[in-house]
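> If you scroll down you'll find the structure; I have some questions about it.
The values are calculated or read from the model by the stated rules, or taken from the named source; none is laboratory data. Bear in mind that the values here come from a model prediction, so they are computed numbers and not experimental data. Neighbour counts run over all protein chains shown; Cβ positions are idealised from the backbone, glycine included.
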Amino acid sequence: MSVIERPTLDVERIRQDFPILAAKARGHDLVYLDSAATSQKPSAVIEAIHRYYAEQNSNVHRGLYELSELATEKYEAARATVRSFIHASDSHEIVFVRGATEGINLVAQTFGRATLKAGDQVLITAMEHHSNIVPWQMLCAEKGALLKVVPISDSGELLLDEYARLLTPRTRIAALAHVSNALGTINPVREMIEMAHSVGAKVLIDGAQAVPHLPVDVQDLDCDFYVFSGHKVCGPTGIGVLYGKAEILEAMPPYQGGGDMILSVTFEKTTYNRPPYKFEAGTPHIEGAIGLAAALTYLEGVGMAAIAAYEKDLTAYGAERLIEVPGLRLIGTARNKAAVLSFVLEGVHPHDIGTLLDRQGIAIRAGHHCAQPVMERFGVPATARASLSFYNTPEELDRLQEALCKVNEVFGR
Amino acid sequence: MNELADLYQEVILDHNRKPRNFKKLPAATHEANGHNPLCGDRITVALDIQDGVIADIGFQGAGCAISTASASLMTEALKGRRVADALSLFAGFRELVTGGVTDQELGKLEVFSGVSEYPARVKCATLCWHTVASALGEHGQDVVTTE
């Protein structure tokens, strides 16, 4: 059934690297199509975490003994791996956080609080995840600033004319999704960053849905901040990355206070450590950072350019198969899309679709995808979303298509 | 096909397609709204209670097949019942959909027994019942949510 003409990846071999993909779900071979919620993990990551606890565990940045030096070395090597993966110029620009959400909150609560004044504006888009809306809403409420929103077209593309119009000298921060989690749209962030800089705004890019699917070069983008989550790029949960330009991180006030983020403490005065440590109070998620580095090294091995090319074909193939299903409407049909197939089925609520697919061994997400404004924009309470990864196959999308036809049968179409 | 029918039985599909008592109740004595923020389901249930008996009941709203069919079958089950009986029926229904045991006579509501296999869907099946309990003053709030 497969019609992808130019297989850029040996997917069958790649699938062997992911133990969970051999699992059964409700008696069927599992078809995992929820990678935008969280990706599956290759053995390399699972083993790296195991090895850390079996052979390397110790606290970092403090011990005077060999084991602690080893743990510190592994933790800092992980930072260097992240730097290289997103092409930052210096490892000190890489702050480990819990995930994209914490990265955004960190920037809002430090840079944002120090920068924003009453009447200033923060610009976001209508396709943001709640995690790139609420932190800015909270900040704007505190500062008496205004939150502005770039609208989107019926196909799910940003209206760039509106974006240009909404950028004003009062715009201090533009916080933009690189790739929409609910629609899959890849936004032209490079161009948008340049436009924002021309009015003097700083730009945060939410790369949670981009880093798993596209090569990312933060220097080429020239973004001021870039955030992503480890668990969506084949890494563990609870670890993520905030990239910030060195001079901006340097000037930013600290986030949380505690150990590791200080140089010296007296009851009168504390001197803060330099970035990134200034923003990493307390014992960090060492195992998470090491697992994340293993994930990024694994992805490098497969090749991000090859992943992007394969997923582009796979997404296009999936879209073709889905629209064959009577009554199915894709939500989000941007020209430039990554790995997300959001849809509604006439007369069937997305939650019923989700349950009926689950019964056939297919895992998708149904709901508002933490993007309620997107649902409102398209006039639906929820969508069903199949989100793809390079470990998915055209045959799995065939199974999705067949299973959706059975959903129609159940509902009497 | 059979595996798909363990939850989506014909009775449920029928009540989803043609919900019974899907109506406004101008003479309502009790009313409440329910909301499941996870899936966006919204429901309004109105009751006309005379001498402790549910003389009439209607619902409106939009939701998945499980929540719509549950509301429809609930209205049929509740019409003509005493208020106290309605609440104990709710208790029995909740046991049914969460895999517990009950000695309540649930009648047609038994079609929802399959819900217990799908923990994520329990809220869909019980939203209407929570809303009735709220209308009867059991929850002490205007809009009941499943969260």
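> Looking only at segment B:104-119, which residues are over 14 Å from B:Asp85 (Cβ atoms), among the acidic types (Asp, Glu) and over 13 Å from the mean Cα position of the chain (by Cα)? Reasoning before the result, please.
First, pick out the residues of segment B:104-119 that are over 14 Å from B:Asp85 (Cβ atoms): B:108, B:110-119.
Those left that are additionally among the acidic types (Asp, Glu): B:110, B:117.
Result: B:Glu117, single match.
> Which of the residues that make up segment B:63-111 are of a type in the set (Phe, Trp, Tyr) and closer than 19 Å to B:Leu7 by Cβ? I'd like the intermediate steps shown before the answer.
Restricting attention to segment B:63-111, the residues satisfying the condition of being of a type in the set (Phe, Trp, Tyr) are B:90, B:93.
Selection gives B:Phe93 alone.
> I'd like to check something: does segment A:342-357 contain any residue that is more than 30 Å from A:His61 (Cα to Cα) and more than 14 Å from chain B (Cβ to nearest Cβ)? Break it down into steps so the answer makes sense when it comes.
The initial filter retains those residues of segment A:342-357 that are more than 30 Å from A:His61 (Cα to Cα), namely A:342-357.
From the residues that got through so far, the ones that are more than 14 Å from chain B (Cβ to nearest Cβ) too are A:342-343.
Looking for residues that are more than 30 Å from A:His61 (Cα to Cα) and more than 14 Å from chain B (Cβ to nearest Cβ), one finds at least one in segment A:342-357, hence yes.
> Moving on to the next point. Taking the criterion of being touching a residue at least 40 places away in the same chain (Cβ under 8 Å), over 30 Å from A:Met195 (Cβ atoms) and within 14 Å of another protein chain (Cβ to nearest Cβ), would at least one residue in segment A:47-61 satisfy it?
No, there is no match, as no residue in segment A:47-61 is touching a residue at least 40 places away in the same chain (Cβ under 8 Å), over 30 Å from A:Met195 (Cβ atoms) and within 14 Å of another protein chain (Cβ to nearest Cβ).
> Next question. Does A:Ile362 satisfy the condition of being in contact (Cβ under 8 Å) with a residue 40 or more places away in the chain and either within 14 Å of chain B (Cβ to nearest Cβ) or more than 27 Å from A:Glu128 (Cα to Cα) (or both)? I'd like the intermediate steps shown before the answer.
On the way: in contact (Cβ under 8 Å) with a residue 40 or more places away in the chain: yes; either within 14 Å of chain B (Cβ to nearest Cβ) or more than 27 Å from A:Glu128 (Cα to Cα) (or both): yes.
When the stated conditions are applied, A:Ile362 passes them.
> Scanning for something more than 17 Å from the chain's Cα centre (by Cα), touching a residue at least 40 places away in the same chain (Cβ under 8 Å) and in a helix (DSSP H, G or I), does segment A:333-343 turn up at least one residue?
no
> Condition test on A:Gly144, is it at pLDDT 95 or above and within 17 Å of A:Ile286 (Cβ to Cβ)? Lay out the reasoning, then the answer.
Working: at pLDDT 95 or above: yes; within 17 Å of A:Ile286 (Cβ to Cβ): no.
Spelling it out, it is not the case that A:Gly144 is at pLDDT 95 or above and within 17 Å of A:Ile286 (Cβ to Cβ).
> Could you check segment B:127-143 and list, in sequence order, the residues that are among the aliphatic types (A, V, I, L, M) and at pLDDT 70 or above?
First, pick out the residues of segment B:127-143 that are among the aliphatic types (A, V, I, L, M): B:127, B:132-133, B:135-136, B:143.
Once the filter is applied, which keeps residues that are among the aliphatic types (A, V, I, L, M) and at pLDDT 70 or above, segment B:127-143 yields B:Leu127, B:Val132, B:Ala133, B:Ala135, B:Leu136.
> Give segment A:17-31 a look and list any residue that's surrounded by 15 or more Cβ atoms within 10 Å (Cβ to Cβ) and in a helix (DSSP H, G or I), or say none.
Filtering segment A:17-31 for residues surrounded by 15 or more Cβ atoms within 10 Å (Cβ to Cβ) gives A:17-18, A:21, A:25, A:28, A:30-31.
The answer is A:Leu21, and nothing else.
> Cβ-Cβ under 6 Å, sequence separation 6+ or interchain: first residue in segment A:384-413 and away from chain B (no Cβ under 11 Å) and of a type in the set (Phe, Trp, Tyr), partner surrounded by fewer than 18 Cβ atoms within 10 Å (Cβ to Cβ) and outside any loop (DSSP other than H, G, I, E, B). Which pairs?
Sorted first by the residue in segment A:384-413, then by its partner, the pairs are A:Tyr391/A:Arg15.
> Would you tally the residues in segment B:68-97 being modelled with pLDDT under 95 and of a type in the set (Ser, Thr, Tyr)?
1
> Filter segment A:311-343 down to the residues that are of a type in the set (D, E, K, R) and in contact with a Gly (Cβ under 6 Å, 6 or more places away or on another chain) and list them by number. Walk me through it before giving the result.
First, pick out the residues of segment A:311-343 that are of a type in the set (D, E, K, R): A:311-313, A:320-321, A:324, A:329, A:335, A:337.
A:Lys337 - this is the single residue of segment A:311-343 that is of a type in the set (D, E, K, R) and in contact with a Gly (Cβ under 6 Å, 6 or more places away or on another chain).
> Could you list, in sequence order, all residues of segment A:249-285 that are of a type in the set (Asp, Glu) and in contact (Cβ under 8 Å) with a residue 40 or more places away in the chain? Talk me through it step by step, then tell me what you get.
Start the filter on segment A:249-285 by keeping residues that are of a type in the set (Asp, Glu), which leaves A:250, A:260, A:268, A:280.
Residues satisfying the conditions are A:Asp260, A:Glu280.
> Does A:Leu330 satisfy being modelled with pLDDT of 95 or more, buried (at least 22 other Cβ atoms within 10 Å of the Cβ), in contact with a strand residue (DSSP E or B) (Cβ under 6 Å, 6 or more places away or on another chain) and not small (Gly, Ala, Ser)?
Details: modelled with pLDDT of 95 or more: yes; buried (at least 22 other Cβ atoms within 10 Å of the Cβ): no; in contact with a strand residue (DSSP E or B) (Cβ under 6 Å, 6 or more places away or on another chain): yes; not small (Gly, Ala, Ser): yes.
No: the conditions fail for A:Leu330.
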